[in-house]
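The values are calculated or read from the model by the stated rules, or taken from the named source; none is laboratory data. What you are looking at is a predicted structure, and each value in this text was computed from that prediction instead of being measured. Cβ sites come from the backbone with ideal geometry, for glycine too, and all protein chains shown count toward neighbours. Calculation scope for accessible area: heavy atoms of the full protein, side chains included, ligands and nucleic acids excluded. Shrake-Rupley method; radii C 1.70, N 1.55, O 1.52, S 1.80 Å.
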Amino acid sequence: MRQLLIYTMLLIIPFSCAKGQDIPNAEWQIKTAVLAAPEEYRAASKVYGYDNNGDFTTLREGSNAYICLADDPIKKGFSTAAYHKDLDAFMARGRALKAKGKDGTEIFDIREEEVKSGKLKMPDKATLAVLTGDIDPETKTIENSYTRYVFYVPFATGESTGLPETATPPGQPWLMNAGTHRAHIMITPPKK
């Protein structure tokens with residue numbers, strides 16, 4: 001029995017260490033996470049990221065209205081986000097539901113019900129930006145970055161905003177998820 005335990009530990013320890021080695025250090029996560037925020041908010045924004053075990057954690061406390069999310073090292077590609085702190089409860093609820101194994105549709109429906117009932121607070125307006133790009137394997141810098149912008153306006157419709165409810169060409173705003181708790185104005189700049 002003891003030999004089985006030792007053998008099991010020998011298998012688990014290298015896997016744990018290898019997993020930790022795939023997680024970028026906190027400094028790099030912070031440096032790249034804040035790229036999604038407006039420049040004047042970057043130095044004092046709160047940053048969530050991943051510890052050496054890959055667990056979601058607070059990497060830096062903030063003192064302004066922005067929260068930034070580091071790239072998820074498990075997901076393919078590079079993507080960071082920054083959002084107004086009033087969206088934090090909404091975002092945290094989505095992460096909690098995902099951790100429970102809920103899919104995108106279930107998360108949408110549960111949060112919709114909770115916002116309507118008042119259980120989940122959704123601000124009447126708030127911003128979010130998502131920056132995607134490529135990581136240069138040698139310099140670890142972000143190249144070919146591209147930012148899309150979202151302005152949450154819960155339960156807004158095309159009629160109440162004057163915006164189309166279907167995707168428009170890059171650079172033109174449109175309303176996504178119209179009439180729902182997640183109604184938001186999308187602005188996708190043209191790619192360079």
Residue list for the range 36-63, filter: in contact with a Lys or Arg (Cβ under 8 Å, 6 or more places away or on another chain) and of a type outside the set (Gly, Ala, Ser): 46, 47, 53, 56, 58, 60, 61
Test: residue in the range 150-169 that is more than 19 Å from residue 80 (Cα to Cα), in contact (Cβ under 8 Å) with a residue 24 or more places away in the chain and touching a helix residue (DSSP H, G or I) at 6+ places or on another chain (Cβ under 8 Å): yes
Residue, nearest to residue 131 (Cα to Cα), within the range 71-113, restricted to residues that are surrounded by 12 or more Cβ atoms within 10 Å (Cβ to Cβ) and β-branched (Val, Ile, Thr): 80
Hits in the range 53-106 - residues which are among the β-branched types (Val, Ile, Thr) and under 18 Å from residue 123 (Cβ atoms): 67
Every pair of residues 6+ apart whose Cβ atoms lie under 8 Å, when the first sits in the range 94-115 and is within 19 Å of residue 177 (Cα to Cα) and without any contact (Cβ under 8 Å) to a residue 40 or more places away in the chain while the second is open to solvent by less than 40 Å² (accessible area, probe 1.4 Å) and of a type outside the set (Val, Ile, Thr): 94/111; 106/97; 107/94; 107/97; 110/97; 114/120
Search result, residues across the range 173-188 that are open to solvent by less than 40 Å² (accessible area, probe 1.4 Å) and either in a loop (DSSP other than H, G, I, E, B) or within 30 Å of residue 27 (Cα to Cα) (or both): 178, 179, 180, 181, 183, 188
Restricting the range 122-172 to residues that are assigned to a strand (DSSP E or B) and among the aliphatic types (A, V, I, L, M), the residue that is most open to solvent (accessible area, probe 1.4 Å): 135
Selection count, the range 81-93, where residues are free of Cβ contacts under 8 Å to residues at least 40 places away in the same chain and either part of a loop (DSSP other than H, G, I, E, B) or among the aliphatic types (A, V, I, L, M) (or both): 3
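Among the listed residues 111, 148, which satisfies the condition of being basic (Lys, Arg) and within 16 Å of the chain's Cα centre (by Cα)?
148
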